[in-house]
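Worksheet: the structure to be examined is printed underneath.
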Amino acid sequence: MSTLTATAEEQPRTTAPDRPAYRVTGRRVLSSEWAKLWSLRSTWITLALGLLFLVAFGLIAASHYKSGIGSGHQDRDFATATAVSLSLFGTNFAQLALGVLGVLVTAGEYSTGMIRSTLAAVPRRLPVLWSKAVVFGLVALAVGTLGAFVAFLFGSQIVSGTPAAMGLSHAGVVRSLLGAGLYLGLVGVIGTALGALLRSVAGGISVLVASLMLVPGLISLLPSSWQDNISPYLPSNAGESMFALTHDSTTLSPTAGLLVFLGWTALALAGAAYRLVRSDV
């Protein structure tokens, strides 16, 4: 009996091998958000709609301008149009699609409850917000830039031989097209921030549409002196100055418009970050 006991005590004890420690890194969070973005069917559909709106409405505007030139009855709104302004006519429609998808990227996780699993995997929280904003912002930037150049290349062919005709070599054309893509990318980031700030798909979309489309109309009801001081700094007007080919005393320069719109984007992200850190999910 003592021999068996001694033998058992002499046998080495086996322990389970240590598991490698899992580290949460920025690259892994970005990779996770990238995978989640493309796993949703709504991503493909909404991005396709944004691209379609940008290209289709640009070509429709160019065709309408060409038909007006041919008939001799040109609309006043198209009197000073250029190939750039006609091609980017669909920007206002594309921004809704990309902005709404940005809201869905963050607010959608709150509505399904998936945000709890996300934040359990990334306890520091803020890297989740930054990763969502970066990933979707770059995707919206790529889609917006692609759509702007495609719309211009085809639209410029439609208006060839008219006073609106322009090419890529004309001064300011490439800058305007890149500015339109950057504007749409930042709209996507703002939508992402609003979704995280309000944690509601309906609420985020409502605030987004109001900020970009309704508030400028309400400002037009104010006295002229107030309009001149407020209107250029609204998100939509500041963003429009980023890709406008010409400017006057009532609009911001492209650089100033970019800085103002970046300020609005930073404000939305700051609000989303504050609530994400301070409030429970």
**Message:** So for each of 210-219, 252-261 I average, over its residues, the number of other beta carbons within 10 Å; can you give me the resulting order with the highest mean first?
**Reply:** 252-261, 210-219
**Request:** State the extension gain, in nm to one decimal, for the chain segment bounded by PHE93 and SER160, taking 0.36 nm per residue of separation less the distance between their alpha-carbons.
**Result:** 21.6 nm
**Message:** Can you find, among SER87, GLY26, LEU54, the residue sitting farthest towards the positive end of the charge dipole of the chain, where Lys and Arg contribute +1 and Asp and Glu -1 at Cβ?
**Reply:** GLY26
**Asked** Tell me, what is the per residue accessible area of segment 55-126 in Å², probe radius 1.4 Å?
**Response** 48
**Asked** For segment 171-264, which whole percent of the accessible surface, found with a 1.4 angstrom probe, sits on carbon and sulfur atoms?
**Response** 70
**Given charges at beta-carbon only (K, R positive; D, E negative), |dipole| of the chain in Debye** = 580
**Complete:** Expressed as a whole-number percentage, the relative contact order of the chain with C-alpha contacts under 8 angstrom and at least six residues apart is 22
**Message:** Checking the a/c ratio against 1.5 first, then a/b against b/c, what shape does the Cα gyration tensor give for segment 26-278?
**Reply:** prolate
**Complete:** Any DSSP H helix in the chain with Cα axial reach of 27 Å or more and mean Kyte-Doolittle score of at least -1.0? Listed by number, the hits are 41-71, 91-112, 126-158, 173-198, 254-278
**Complete:** Residue span THR255 to TRP44: 0.36 nm per residue of separation minus Cα-Cα distance leaves a gain in nm of 72.7 nm
**Asked** When the chain is modelled as a GNM with alpha-carbon springs shorter than 10 Å, which of GLY99, GLY181, GLY161 fluctuates the most?
**Response** GLY161
**Item:** By average C-beta atoms within 10 angstrom, highest first, the peptides 79-92, 104-117
**Value:** 79-92, 104-117
**Message:** Once each part is reduced to its C-alpha centroid, what is the distance from segment 251-281 to segment 62-140 in angstrom?
**Reply:** 16
**Fill in**
Distance in nm between ILE69 and ALA35 label points, each 7 Å along Cα→Cβ, equals 5.2
**Complete:** Summing -39500 (n - 2.57) over every DSSP H run of at least 4 in the chain, dividing by its residue total and rounding to the nearest 500, the 222 nm mean residue ellipticity is -23500 deg cm²/dmol
**Complete:** Residue-normalised value, i.e. accessible area per residue, for segment 132-281 at 1.4 Å probe, in Å², stands at 46
**Request:** Could you check which residue among GLY26, GLY185, GLY137 shows the biggest mean-square fluctuation in a GNM of the chain with a 10 Å Cα cutoff?
**Result:** GLY26
**Prompt:** Among SER225, ALA196, SER253, which residue has its Cα positioned farthest towards the positive end of the charge dipole of the chain, with +1 placed on the Cβ of Lys and Arg, -1 on the Cβ of Asp and Glu, and the dipole taken about the Cα centre?
**Reply:** ALA196
**Complete:** When the chain is treated as a Gaussian network with springs between alpha carbons less than 10 Å apart, the largest mean-square fluctuation among VAL135, VAL189, VAL24 is found at VAL24
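The values are calculated or read from the model by the stated rules, or taken from the named source; none is laboratory data. These figures come from a predicted structure and were not determined experimentally. All Cβ positions, glycine included, derive from the backbone under ideal geometry; neighbour counts span all protein chains shown. Please note that ligands, DNA and RNA were not included when accessible areas were found on the heavy atoms of the full protein model with its side chains. Shrake-Rupley method; radii C 1.70, N 1.55, O 1.52, S 1.80 Å.
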